[in-house]
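Peer 1: The structure's right below; bear with me while I get my questions together.
The values are calculated or read from the model by the stated rules, or taken from the named source; none is laboratory data. Quick caveat, the model's predicted, so the values are computed rather than measured. Virtual Cβ from ideal backbone geometry, glycine too; neighbours counted across all protein chains shown.
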Amino acid sequence: MKFSKKFPGDEEDNRLVYVGATRARDLLLLIHSSEKPQILDSFGRSVRPLKNPTPDFQLIEISEDASIPPLIAATHLDLYKQCPLLFAAYHEGRFIPKWTPAQSKGSRLHKTLEYYLRGDLPSKQSTVDACFERGFREGDSPMRKLSSKDKKEMKEAYKKVAEVLPSITRRVIAVEHRYRYVHKRLGQIDGVVDAIIEEKDGRVALVEWKTAKNIQSKKERSYKLQAAAGALGITQSNPEIKVQVVRVIPLFDFSQSIELPFNSRLKERTIKELDQIFQSLQNRNYEPHKGKHCESCQLQPQCPAWTKEKRLPEPCS
């Protein structure tokens, strides 16, 4: 919301900013220029008294000629580690990716687990089954059909989660929790964390579900970055949530699960990687990375990394 220069004396602007500031549920961001902020003073409340646990409050200062920092979708962080050019295509909205059954399965399983967790991990089998049927129905368009084999595979994966999760969970803290992470003055990341749970050993875990069956080395690094960025975003906007461990769980193969302690080392590494990403955005440096992911990439016809013969390039060492 942008206000006019006459803001402090404009009654309509005062009313609008008051309504906006007092309706914030999880996070209130106020962005002001290098001049002394007068926004909240204009209706009789100073900035500092507004700071309280709910909503959390952040005051961001920018110079008069500063541009709005770029905003990245957290799901696109996966793509950056695979190939910056593919990341740019998604981030800049230059093409609409084709729908695939794998995407539909992922969307439906995520919705199923959302209903299951919001139901506080129900034990009654009929309720557990109802969560799956509702998630399968509402997780994607009914026009996108999946085979009975796909549905059976999804239901088996969901059943395993419903068997294991109650045995390690003390309570569910958040489900499908949206966050906005402000990275220095370089940019922002907008994302949704699948779940935050307090485990029976007392640790608070951020959980990301993945429907990939094989987590390869490059994709594994991508998943780690996305999950760690989510932990940064959650702890920045909700400091009362003390994330201690990050888990990336492949729903079709628990044996490939990734566990990362959310410590200072992981935070520093993630911040360094995000610095690189936002620097690439600023410089528009989107050099393609060759690898196995090229086999199914929809950018093949336009990608400079592909030869004229359209042969798969050799992966980087």
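Peer 1: Given the options K272, K290, name the one that is closer than 14 Å to L225 by Cβ and modelled with pLDDT of 80 or more.
Peer 2: K272
Peer 1: In addition: Tell me whether the range 163-177 contains one or more residues that are in contact (Cβ under 8 Å) with a residue 60 or more places away in the chain, under 29 Å from E240 (Cβ atoms) and loosely packed, with under 13 Cβ neighbours inside 10 Å.
Peer 2: Yes, the range 163-177 contains a residue that is in contact (Cβ under 8 Å) with a residue 60 or more places away in the chain, under 29 Å from E240 (Cβ atoms) and loosely packed, with under 13 Cβ neighbours inside 10 Å.
Peer 1: Please identify the pairs in which a residue from the range 279-299 that is part of a helix (DSSP H, G or I) has its Cβ atom under 9 Å from the Cβ atom of a residue that is of a type in the set (F, W, Y) and surrounded by 13 or more Cβ atoms within 10 Å (Cβ to Cβ), counting only partners at least 6 apart or on another chain.
Peer 2: Partner pairs satisfying both residue conditions: S280/Y80; S280/F87; S280/Y286; C294/W306.
Peer 1: A further question on this structure: Here is a list: Q226, Q236. Which entry is in contact (Cβ under 8 Å) with a residue 40 or more places away in the chain and in contact with a Leu (Cβ under 6 Å, 6 or more places away or on another chain)? Walk me through how you get there before you give the answer.
Peer 2: Numbers: Q236 fails: in contact with a Leu (Cβ under 6 Å, 6 or more places away or on another chain).
Every option except Q226 fails the conditions.
Peer 1: Of everything in the range 206-254 that's of a type in the set (F, W, Y) and surrounded by 17 or more Cβ atoms within 10 Å (Cβ to Cβ), which residue is farthest from Y179 (Cα to Cα)?
Peer 2: So, considering only residues that are of a type in the set (F, W, Y) and surrounded by 17 or more Cβ atoms within 10 Å (Cβ to Cβ), the one farthest from Y179 (Cα to Cα) is F252.
Peer 1: Now, a different point. Can you confirm whether R180 is in contact with a helix residue (DSSP H, G or I) (Cβ under 7 Å, 6 or more places away or on another chain) and in a strand (DSSP E or B)?
Peer 2: yes
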